[in-house]
Amino acid sequence: MMILSLPLALTLRFPSSLPILRRHSRYGISLRPPPLRATFSAAAPETHNSSKKQEKLITPRSQDFNAWYLDIIANAELADYGPVRGTMVIRPYGYAIWESIQDYLNRKFKDTGHSNMYFPQFIPYSFIEKEASHVEGFSPELALVTIGGGKELEEKLVVRPTSETIVNHMFTQWINSYRDLPLLINQWANVTRWEMRTKPFVRTLEFLWQEGHTAHATPEEAENEAIQMIDIYTKFAYEQAAIPVIAGRKSKVETFAGACKTYTIEAMMGDKKALQAGTSHNLGQNFSRAFGTQFLDENGQRQHVWQTSWAISTRFIGGIIMTHGDDAGLMLPPKVAPVQVVIVPIWKKDDEKTAVLKATSSVKETLQAAGIRVKLDDSDQRTPGWKFNFWEMKGVPLRIEIGPRDVSSGSVVISRRDVPGKQGKVFGVSMDPPILEAFVKDNLDAIQSSLLERAIAFRDSNIVDVSSYDDLKAAISQGKWARGPWSASNEDELKVKEETGATIRCFPFEQPQGTKRCLMTGDPAEEVAIFAKSY
C-alpha cells in the first residue's frame, strides 16, 4: 500500500436537489434531469438529508457564471466529485468528449512522425531537483510519496506533475548518435498538481492530458517543432472545438519553469476570462544539460540535445463548456460531440408505437451508415418533452422527432440546438436517405460554423486596444482584454498583475504593423501584448 504524505486543504461540496418540472411548449409538463451543484470550496463539507432536497433551476449564466458552469457539469452528466478533496470523476459522457479530442490529436501526432508510449507515474525527487527553475516552479504543487510497503522510502517519490525529468533520464539511455535524432514521442497520462483552488476540468488535483517530448540535433529543429505543435493545437481549437484562440508567445514571467520559450493558445470564456488552452515549450538545452543527455554529432563531437515539450489537457473540456454553453445547458460543436444527432420517437397509442419505432430505427441506420454519431432514445419511461430537455442539456447539435403523422408523410422534424425555439426547427424533412443525409450533414456543418462565428464576434467585441496604463486598467476593470504595445520590465509586468489582477496572456503571432511605444514606459516597443484576467 502506498501512503501519500500530503496536506489536506480543500473541501468538496455537492449540494443536492430535486428533479425540476419544466413546461415544454409542445408536450406540456415534463420531468427535467436533476441538477447537482458541484462546489469546490475551502470550507467544511456539508451533508444533506436526501429527504430534504431543495428544488433548484440551472443558475442563469448572466447571474452567476461559476454556479452556471457547475450546474452544467452536473446536469449534463460530465463529471462528479471524487472522494479525495479537489478531485473529480469524469463520467462517460464527459470522457467521450475527451476521446473526441484524443482521436483528432492522435491522428495529427502520428501524421507528424510522433509515437505514443508511457512513462511511470512515480518520479524520484532527485530528478526534480536537477533542473533548478523546474523544482522552484513546481515545488508548491508537488504530491510526494514517503511510505511504501509499510516502510519509509529511502528517497521520496513525486507523483507525476509533468514528465520532463523522467523523459530526460530515459532519453539519456536511448540517444547516443545523431542517427537517433530526432526522437519524437507522446504519452496520454494523468498528472497530479496540488492546487489550492480548484474548478472541475479547469483546475483539479489530478487531470488527464497528453504530453509530447522531443529531442533534436539543432536549435532550429527544436524551434520548428515547438511552433508546429502550437499550430496543431490552434487548428484543433478553431476547426474542431470552434474556439477562436489567440496563439502567441508567453512573456518571460509566464514561461514554463525550465523552458526557454513557451508558446500558448489563449481562449476567451463566456465570462471574458482567459483560459490557457494548450502550450508548447522550447526547452533549449536546459534539461539535457541537467541530465547529461548528449549525442555524437556528424563530426564526432559530443553535443547536448535540443528539446521541446507540449500539452493539452481535459481543461479543454471546460473551455468548450464556457465558450458555447447557454442557460439551457451544454452546447457542443458537432465535430467533438459524442452524439451528433438524437432521435426522439413520439407516440400516444400502442398501435402507433410499432410504426414509429420502425421509422426511427430506419433513420438511425441511414445516419449511422453515413458516418454520423446518432442516438435513438426509444425508452418509454420518459416523456418526449423530458427527452428534449435532457438532450438539450447534453448539448446534442441536432434533434430529430418522428411521430405518427411524420411516419405517414415519410418525413421528420429537425431542431438545431444552437437556434432556440421555432426558428431552429424545420418540419417536413424527407426520410429518403440521400435527402435526409445531406440535410443533416449540411446542418451539422452550419452549426459548427455558427458556433465559431459567434465565438469570434464575442471575442473581438471584448478586446480593447490600449496605449497607456490607465487605458489598460480601465479595460480590465470592465472585464475586457487589453491589447497594447509592451516592452517594459518583468517588475512592471508583476506590477500590472498586482494592481489589476491581469497578466500578459501572450504576445500574439499576428502583430500590427507600424511604430509602437510601450503603454507603460513610453519606450519603443516591437510587439503588442494581450492582458487579461484568467483561470
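The values are calculated or read from the model by the stated rules, or taken from the named source; none is laboratory data. Everything numeric in this text was worked out from a predicted model, so none of it was measured. Cβ placement follows ideal geometry from the backbone for every residue including glycine, while neighbour counts extend to all protein chains displayed. Protein only, heavy atoms only, side chains kept; ligands, DNA and RNA dropped before computing areas. Shrake-Rupley method; radii C 1.70, N 1.55, O 1.52, S 1.80 Å.
Scanning the range 181-220 for residues being of a type in the set (A, V, I, L, M) and part of a loop (DSSP other than H, G, I, E, B) gives a total of 5.
With the structure loaded, tell me whether residue 466 is of a type in the set (A, V, I, L, M) and touching a Leu at 6+ places or on another chain (Cβ under 6 Å) or whether it fails that test. The answer is yes for residue 466.
Any residue in the range 94-107 that is in a loop (DSSP other than H, G, I, E, B), open to solvent by 30 Å² or more (accessible area, probe 1.4 Å) and touching a residue at least 40 places away in the same chain (Cβ under 8 Å)? Checking the range 94-107: not a single residue is in a loop (DSSP other than H, G, I, E, B), open to solvent by 30 Å² or more (accessible area, probe 1.4 Å) and touching a residue at least 40 places away in the same chain (Cβ under 8 Å). Are there any pairs with C-beta distances below 8 angstrom linking a residue in the range 250-267 that is more than 13 Å from residue 222 (Cα to Cα) to a residue that is among the aromatic types (Phe, Trp, Tyr) and part of a loop (DSSP other than H, G, I, E, B), with the two at least 6 apart or on different chains, and if so which? Pairs that qualify, where the first residue is more than 13 Å from residue 222 (Cα to Cα) and the partner is among the aromatic types (Phe, Trp, Tyr) and part of a loop (DSSP other than H, G, I, E, B), are 250/256.
In a residue-by-residue description of the range 319-336, the property of being over 22 Å from the mean Cα position of the chain (by Cα), under 21 Å from residue 446 (Cβ atoms) and crowded, with 16+ Cβ neighbours inside 10 Å applies to no position. For the range 157-187, residues that are over 11 Å from residue 215 (Cβ atoms), open to solvent by 20 Å² or more (accessible area, probe 1.4 Å) and free of Cβ contacts under 8 Å to residues at least 60 places away in the same chain total 3. In a residue-by-residue description of the range 129-137, the property of being within 24 Å of the chain's Cα centre (by Cα), closer than 28 Å to residue 255 by Cα and modelled with pLDDT under 95 applies to at least one position.
Cβ-Cβ contacts under 8 Å between residues 6 or more apart (or on different chains), taken from a first residue in the range 479-497 that is closer than 26 Å to residue 514 by Cβ to a second residue that is assigned to a strand (DSSP E or B) and of a type in the set (Lys, Arg), are listed as 481/505; 485/517. Checking each residue in the range 486-524 for being surrounded by fewer than 13 Cβ atoms within 10 Å (Cβ to Cβ), among the acidic types (Asp, Glu) and closer than 25 Å to residue 279 by Cβ picks out 491, 498, 510.
When residues in the range 337-363 are screened for being assigned to a helix (DSSP H, G or I) and either open to solvent by 20 Å² or more (accessible area, probe 1.4 Å) or polar (S, T, N, Q) (or both), 11 of them pass. Taken over the range 498-535, the criterion of being outside any strand (DSSP E or B), of a type in the set (D, E, K, R) and farther than 20 Å from residue 265 by Cα is satisfied by 498, 499, 516, 523, 526. Taking the range 308-333 as the range and being of a type in the set (D, E, K, R) and within 19 Å of residue 63 (Cα to Cα) as the test, the residues that pass are 326, 327. The criterion of being within 27 Å of residue 199 (Cβ to Cβ), surrounded by fewer than 16 Cβ atoms within 10 Å (Cβ to Cβ) and in contact (Cβ under 8 Å) with a residue 12 or more places away in the chain holds for residue 84. The C-beta contact set for the range 401-417 (first residue under 24 Å from residue 328 (Cα atoms), second residue among the hydroxyl-bearing types (Ser, Thr, Tyr) and crowded, with 20+ Cβ neighbours inside 10 Å, distance under 8 angstrom, 6+ apart or interchain) comprises 401/415; 402/360. Residue-level check: of (1) modelled with pLDDT of 95 or more; (2) assigned to a helix (DSSP H, G or I), residue 146 misses just (2). Looking across the range 364-392 at every residue that is more than 30 Å from the chain's Cα centre (by Cα) and over 24 Å from residue 100 (Cα atoms), the one that is surrounded by the fewest Cβ atoms within 10 Å (Cβ to Cβ) is identified as 381.
Among the residues making up the range 434-483, those that are among the small types (Gly, Ala, Ser), assigned to a helix (DSSP H, G or I) and surrounded by 21 or more Cβ atoms within 10 Å (Cβ to Cβ) are 455, 475. Scanning the range 369-400 for residues that are in contact (Cβ under 8 Å) with a residue 12 or more places away in the chain, under 24 Å from residue 432 (Cβ atoms) and assigned to a loop (DSSP other than H, G, I, E, B) yields a count of 7. When residue 331 is tested against the conditions (1) more than 29 Å from residue 402 (Cβ to Cβ); (2) assigned to a loop (DSSP other than H, G, I, E, B); (3) among the aliphatic types (A, V, I, L, M), the lone failure is (1). If the requirement is being acidic (Asp, Glu), open to solvent by less than 50 Å² (accessible area, probe 1.4 Å) and at pLDDT below 95, which of these qualifies: 141, 211? Matching residue, one of 141, 211: 141.
Could you please let me know if residue 429 is more than 17 Å from residue 325 (Cα to Cα), at pLDDT 95 or above and assigned to a strand (DSSP E or B)? Criteria met by residue 429.
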